[in-house]
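J.: For reference, the structure I am asking about is given below.
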Amino acid sequence: MTTTQIPVAEGLFTWPPDESTPLRLIGSECTACGLVSFPAASDCVRCASTESKERLLAERGTLWTYTTQDFRPPSPPYDGPEAFEPYAVGYIELPGELLVEARLTEPDPDKLRIGQDMRLTLVPYRVQDDGTEVVTFAFAPAEEETP
Amino acid sequence: MTEAVIIGVGLHPFGRFPGKPALDMGADAVRLALADAGVNWPQIQGGYIGSYEVANPDAIVARLGLTGVPLRGVFNGCATAGTSVALAARAIETGEHDLTIAIGLDKHPRGAFAADPSVAGIPSWYGQTGLFLTTHFFGMKINRYMHDHGISHETLARVAAKNFGNAARNEKAWRRTPLSVAEILASPVLNHPLRQYMYCGPDEGAAALVLCRADQAHRYTGKPVRIRSTALRSRRLGAFEVQSPSFPVGEVVASPTVDASREAYERAGIGPEDVDVAQLQDTDAGSEVIHMAENGLCKDGEQERLIAEGATEIGGRLPVNTDGGLLGNGEPIGASGLRQIHEIVLQLRGAAGDRQIPGTPRVGYTHLYGAPGVSAVTILST
């Protein structure tokens with residue numbers, strides 16, 4: 001049986017990712033001043049232009065800072081599973097683009113360090129009653145990559 | 001321009017008060033402030049009132065007297081009280097009123113603040129997937145700061161121990177049980193590196209300040225406290241701020257605290273070296289450490305030595321959060337900054353009792369920081 005997956009939101013990352021369209025975050029670039037934004041934004045917070053174009057962001061970056069989430073966040077808005085598993089979050093610096101906040105796949109702070117290479121991935125953060133997995137973007141330590 | 005001075009302060013205790021509405025707490029604080037100033041409610045010509053939870057905080061007139069006074073509601077996140085005192089002062093400085101009041105009151109439910117991300121202009125997936133927590137920002141900001149400036153976990157615990165110890169000397173504080181550095185370091189991690197006893201909690205309380213024209217202060221008090229400056233700034237592009245799904249790459253721009261602090265010093269003609277006692281936004285122990293530097297009171301990284309030496313304790317060179325700060329008092333948002341000013345006024349009057357700092361303090365400093373990246377600074381002097 002194959003598990004059905006759906007993205008937590010449309011327009012956040014390429015979906016479904018495959019050979020021809022690898023997983024990337026969908027940002028935007030101001031056509032007037034070049035400021036890169038994520039999530040994609042039509043209005044530029046630097047030059048106030050209202051024109052932008054889509055830009056797929058780099059899939060690799062470095063960990064700028066991080067923390068852990070050791071208690072279940074208030075619901076709503078959090079809609080993850082009742083059985084709470086601690087997770088980590090951080091900002092990943094995508095060189096020349098921006099710093100993006102994301103969940104991290106590694107929950108142990110002792111296995112995270114500032115400056116670490118990180119790679120974009122997806123995590124099923126919630127399972128719906130019908131078994132459908134809801135996925136969101138996350139970053140994984142790059143050295144844990146398996147071929 | 002006419003100068004505004006504080007002639008009366010009133011504080012309802014901070015904590016949990018089942019069955020007592022926020023408006024009643026606010027009315028108690030106002031009556032205390034009026035009595036302290038020797039002023040009657042009908043004499044008040046205008047006021048500013050801040051609250052997060054109360055829909056129409058100006059309804060407090062039903063408790064105090066329907067005098068027709070213009071009472072304007074203000075809200076600016078955790079900088080709300082900085083805004084209400086600034087506006088109350090401005091109304092005097094510009095000549096609109098001779099006697100004004102700043103009021104703050106709130107009654108928050110237990111636990112971390114929860115909200116709908118969309119009201120903050122943030123997409124819903126950010127909250128659904130567990131990113132919409134202000135505590136993440138505080139954990140991440142101090143983690144980066146510790147990495148860059150050599151701050152230890154023990155220093156975070158020392159800050160919390162100091163503030164709980166100061167709160168133990170404050171009959172109006174919420175968390176009055178002293179905790180040791182070891183106990184704090186043994187409490188559960190909530191957001192690495194921050195632990196349970198390194199965070200403040202939302203709670204309930206109220207505070208009020210009565211202000212008047214400096215040239216009329218002699219009618220009411222022999223010890224007016226001067227409002228030397230107020231400043232409020234919002235975040236600039238490139239600053240690392242709470243609730244930001246992303247921010248631009250490149251050199252990190254200074255926080256709005258740095259901007260507000262510089263403006264406040266400049267307007268006051270007072271420098272960080274002149275500050276005798278400070279009240280800084282200590283949402284968590286790490287925030288107090290960072291805010292010492294962002295407010296110009298030390299250089300980045302100096303906190304490690306200063307805190308180990310006890311410089312920020314009541315008997316130290318630069319006492320910080322002498323009434324227990326947010327860690328000891330919790331945070332009713334609308335009242336929090338007025339509680340800070342209440343403490344500075346007591347210290348400058350020499351009336352802070354068991355927690356009075358030694359010597360003759362002349363300059364006090366207060367600072368607020370909150371979502372989505374707004375800071376308020378007030379500088380006071382004798």
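The values are calculated or read from the model by the stated rules, or taken from the named source; none is laboratory data. Quick caveat: nothing in here was measured; it's all calculated off a predicted structure. Methodologically, a virtual Cβ is constructed for each residue, glycine included, from the backbone with ideal geometry; neighbour enumeration extends over all protein chains shown. Note: accessible area is taken over every heavy atom of the protein model, side chains too, but ligands, DNA and RNA are not part of it. Shrake-Rupley method; radii C 1.70, N 1.55, O 1.52, S 1.80 Å.
J.: Identify the single condition in (1) assigned to a loop (DSSP other than H, G, I, E, B); (2) within 9 Å of chain B (Cβ to nearest Cβ) that A:Gly27 does not satisfy, given that it satisfies every other one.
T.: (1)
J.: Can you name the residue in the range B:61-72 that is open to solvent by less than 60 Å² (accessible area, probe 1.4 Å) and of a type outside the set (A, V, I, L, M) and is also farthest from B:Ala27 (Cα to Cα) among such residues?
T.: Looking at the filtered set, the residue picked out is B:Pro70.
J.: Let me ask something additional. Based on this model, can you work out whether B:Ile122 counts as within 14 Å of another protein chain (Cβ to nearest Cβ), modelled with pLDDT under 95, over 21 Å from A:Pro86 (Cβ atoms) and open to solvent by less than 20 Å² (accessible area, probe 1.4 Å)?
T.: Yes: the conditions hold for B:Ile122.
J.: Just give me the residues in the range B:74-97 being over 14 Å from B:Ala335 (Cβ atoms) and open to solvent by 50 Å² or more (accessible area, probe 1.4 Å), in sequence order.
T.: Correct list: B:Leu87, B:Arg90, B:Thr94, B:Glu96.
J.: Let me ask you something else. Based on this model, can you work out whether B:Leu326 counts as open to solvent by less than 10 Å² (accessible area, probe 1.4 Å) and assigned to a helix (DSSP H, G or I)?
T.: The answer is yes for B:Leu326.
J.: Related question: Taking strands (runs of 3 or more DSSP E) that do not extend beyond the range A:34-147, which have at least 3 residues that are in contact with a strand residue (DSSP E or B) (Cβ under 9 Å, 6 or more places away or on another chain) and more than 9 Å from every other protein chain (Cβ to nearest Cβ)?
T.: Per the criteria, A:52-56, A:60-69, A:117-127, A:133-141.
J.: Any residue at all in the range B:88-106 that's hydrophobic (A, V, I, L, M, F, W, C), within 19 Å of B:Gly205 (Cα to Cα) and out of contact with any Ser or Thr (no Cβ under 6 Å at 6 or more places or on another chain)?
T.: Yes, the range B:88-106 contains a residue that is hydrophobic (A, V, I, L, M, F, W, C), within 19 Å of B:Gly205 (Cα to Cα) and out of contact with any Ser or Thr (no Cβ under 6 Å at 6 or more places or on another chain).
J.: Being open to solvent by less than 10 Å² (accessible area, probe 1.4 Å) and free of Cβ contacts under 8 Å to residues at least 40 places away in the same chain is the filter; apply it to the range A:89-103 and report the residue that is farthest from A:Gly61 (Cα to Cα).
T.: Only one residue fits best here, namely A:Val89.
J.: What is the residue count in the range B:221-251 for residues that are in contact with a helix residue (DSSP H, G or I) (Cβ under 9 Å, 6 or more places away or on another chain), open to solvent by 50 Å² or more (accessible area, probe 1.4 Å) and within 14 Å of chain A (Cβ to nearest Cβ)?
T.: 3
J.: Name the residue that is farthest from the other protein chains (Cβ to nearest Cβ), counting only residues in the range B:125-138 that are touching a residue at least 60 places away in the same chain (Cβ under 8 Å) and either more than 25 Å from B:Gln196 (Cβ to Cβ) or over 20 Å from the mean Cα position of the chain (by Cα) (or both).
T.: B:Tyr126
J.: Given (1) open to solvent by less than 30 Å² (accessible area, probe 1.4 Å); (2) β-branched (Val, Ile, Thr); (3) free of Cβ contacts under 8 Å to residues at least 12 places away in the same chain, where does A:Val8 come up short, assuming only one miss?
T.: If we test A:Val8 against (1) open to solvent by less than 30 Å² (accessible area, probe 1.4 Å); (2) β-branched (Val, Ile, Thr); (3) free of Cβ contacts under 8 Å to residues at least 12 places away in the same chain, just (3) comes out false.
J.: Give the range A:11-52 a look and list any residue that's under 18 Å from A:Thr136 (Cα atoms), free of Cβ contacts under 8 Å to residues at least 60 places away in the same chain and of a type outside the set (A, V, I, L, M), or say none.
T.: Matches in the range A:11-52: A:Gly11, A:Thr14, A:Trp15, A:Pro16, A:Asp18, A:Thr21, A:Pro22, A:Pro39.
J.: Is it true that B:Arg144 is closer than 23 Å to B:Ala206 by Cα and either modelled with pLDDT of 95 or more or within 11 Å of another protein chain (Cβ to nearest Cβ) (or both)?
T.: Against the criterion (closer than 23 Å to B:Ala206 by Cα and either modelled with pLDDT of 95 or more or within 11 Å of another protein chain (Cβ to nearest Cβ) (or both)), B:Arg144 does not qualify.
J.: Yes or no: B:Ala208 in contact (Cβ under 8 Å) with a residue 60 or more places away in the chain, open to solvent by less than 10 Å² (accessible area, probe 1.4 Å) and farther than 30 Å from A:Val100 by Cβ?
T.: It is true that B:Ala208 is in contact (Cβ under 8 Å) with a residue 60 or more places away in the chain, open to solvent by less than 10 Å² (accessible area, probe 1.4 Å) and farther than 30 Å from A:Val100 by Cβ.
J.: For the range B:102-119, how many residues meet the condition of being at pLDDT 95 or above and open to solvent by 40 Å² or more (accessible area, probe 1.4 Å)?
T.: 1
J.: Out of all the residues in the range B:150-175, which are under 11 Å from B:Asn329 (Cβ atoms) and in contact with a Gly (Cβ under 7 Å, 6 or more places away or on another chain)?
T.: B:Asn163, B:Phe164, B:Asn166, B:Ala167, B:Asn170, B:Ala173, B:Trp174, B:Arg175 - these are the residues of the range B:150-175 that are under 11 Å from B:Asn329 (Cβ atoms) and in contact with a Gly (Cβ under 7 Å, 6 or more places away or on another chain).
J.: Considering each residue of the range B:28-60, count those that are surrounded by fewer than 23 Cβ atoms within 10 Å (Cβ to Cβ), in contact (Cβ under 8 Å) with a residue 24 or more places away in the chain and among the small types (Gly, Ala, Ser), and give that number.
T.: 4
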